[in-house]
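Here the structure comes first, spelled out in structure tokens, and everything after it is commentary.
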Amino acid sequence: MAISKQKKEEMLVDYRELLSKSQAVIITQYGGLNMPQLNKVRGLVRGAQAEFHVTKNTLIARAFKEAGYLVPDEWLTGPTAVSFCFGDPPAAAKAIQQLADELDRFKVVGGILAGAALDAQRVKELATMPSLETLRAQIIGLISAPASGLVGALNAAVGSVMYALQAKIDKEQPAGEPASA
């Protein structure tokens, strides 16, 4: 069924808006999936703070071009869907890669991260990265580890000085005399 020019313009505006809000974009081919499978994809992707949209190739290509993204033409052939990642890109890539491994007819063809095109292998590598929350926790751990070590070293040094002073007091004080405070 043909799409009216007005409808195409509305879709293009939607694509532009989704691209402007996205941290990353993952492009897939979904030929042969039925509605329950597509709904499963949408649900899993939604859980990763992303949206899954079946796209019209000519319109999404135009939106990519207008946004300044260089996407190879072969990525936009056949039944194409795009996942717009609004949150953590590795989390969305993990969800999509999991589905690509599970569903025979669902294939990752590429993506865009920080304005750069990623081939399917790079998207797969992105899926193996730790989540943003995990990275934050690791960085905080790295920052606080030296401070904890410094506190421990200072406590040990103060303790050593205290033990040395107590030993000197004990040595100089005759046996049986109570120490004066």
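So in segment 128-155, with the set limited to residues that are loosely packed, with under 10 Cβ neighbours inside 10 Å and more than 30 Å from residue 47 (Cα to Cα), which one is modelled with the lowest pLDDT? Talk me through it step by step, then tell me what you get.
First, the residues of segment 128-155 that are loosely packed, with under 10 Cβ neighbours inside 10 Å: 142-143, 146-147.
Going one step further and asking which of them are more than 30 Å from residue 47 (Cα to Cα), we end up with 143, 146-147.
Details: 143: 73, 146: 69, 147: 66.
The selected residue is 147.
Could you please let me know if residue 56 is more than 23 Å from the chain's Cα centre (by Cα) and not hydrophobic (A, V, I, L, M, F, W, C)? Spell out how you get there, then give the answer.
Numbers: more than 23 Å from the chain's Cα centre (by Cα): yes; not hydrophobic (A, V, I, L, M, F, W, C): yes.
Against the criterion (more than 23 Å from the chain's Cα centre (by Cα) and not hydrophobic (A, V, I, L, M, F, W, C)), residue 56 qualifies.
Given the structure, is residue 124 assigned by TED's automatic domain parsing to the domain that holds residue 19, in contact with a Ser or Thr (Cβ under 7 Å, 6 or more places away or on another chain) and of a type outside the set (A, V, I, L, M)? I'd like the intermediate steps shown before the answer.
Values: assigned by TED's automatic domain parsing to the domain that holds residue 19: yes; in contact with a Ser or Thr (Cβ under 7 Å, 6 or more places away or on another chain): no; of a type outside the set (A, V, I, L, M): yes.
Judged against the criteria, residue 124 is not a match.
Go through (1) crowded, with 19+ Cβ neighbours inside 10 Å; (2) without any contact (Cβ under 8 Å) to a residue 60 or more places away in the chain and name the single condition residue 122 misses.
(1)
Check off (1) surrounded by fewer than 21 Cβ atoms within 10 Å (Cβ to Cβ); (2) among the small types (Gly, Ala, Ser); (3) in contact (Cβ under 8 Å) with a residue 24 or more places away in the chain; (4) not in a strand (DSSP E or B) for residue 117 and give me the number that stays unchecked.
All conditions pass for residue 117, except number (4).
What pairs come up if the first residue lies in segment 64-76 and is assigned by TED's automatic domain parsing to the domain that holds residue 23, the second is in a helix (DSSP H, G or I) and surrounded by 12 or more Cβ atoms within 10 Å (Cβ to Cβ), and their beta carbons are under 6 Å apart, counting only those six or more places apart or on different chains?
Taking only residues 6 or more apart or on different chains, the pairs are 67/19; 71/64; 76/57; 76/61.
Any idea which residue in segment 27-49 is surrounded by the fewest Cβ atoms within 10 Å (Cβ to Cβ), counting only those that are within 13 Å of residue 98 (Cβ to Cβ) and of a type in the set (A, V, I, L, M)?
To start, the set of residues in segment 27-49 that are within 13 Å of residue 98 (Cβ to Cβ) comprises 28, 40-41, 43-45, 47-48.
With the extra rule that they be of a type in the set (A, V, I, L, M), the set shrinks to 41, 44-45, 48.
On the way: 41: 23, 44: 18, 45: 24, 48: 22.
My answer is 44.
Out of curiosity, is residue 94 at pLDDT 90 or above, part of a helix (DSSP H, G or I) and under 23 Å from residue 130 (Cβ atoms)?
Details: at pLDDT 90 or above: yes; part of a helix (DSSP H, G or I): yes; under 23 Å from residue 130 (Cβ atoms): yes.
Answer is yes for this residue.
Within segment 90-99, identify whether any single residue is in the same structural domain as residue 124 (by TED's automatic domain parsing), buried (at least 17 other Cβ atoms within 10 Å of the Cβ), under 30 Å from residue 136 (Cα atoms) and touching a His at 6+ places or on another chain (Cβ under 6 Å), and answer yes or no. Explain how you work it out, then say what you get.
Going residue by residue through segment 90-99, those that are in the same structural domain as residue 124 (by TED's automatic domain parsing) are 90-99.
Next cut, buried (at least 17 other Cβ atoms within 10 Å of the Cβ) only: 90-97, 99.
Add one more test, that the residue is under 30 Å from residue 136 (Cα atoms), and what stays is 90-97, 99.
Still in the list and also touching a His at 6+ places or on another chain (Cβ under 6 Å): none.
No: zero hits.
Every residue in segment 24-67 that is at positive phi and in contact with a Gly (Cβ under 7 Å, 6 or more places away or on another chain), please.
Taking segment 24-67 first, the residues at positive phi are 32, 49.
Passing the criteria: only 49.
The values are calculated or read from the model by the stated rules, or taken from the named source; none is laboratory data. The structure presented is a predicted model; accordingly, all values stated were derived computationally and were not measured. Cβ: placed from backbone, ideal geometry, glycine included. Neighbour counts: every protein chain shown.
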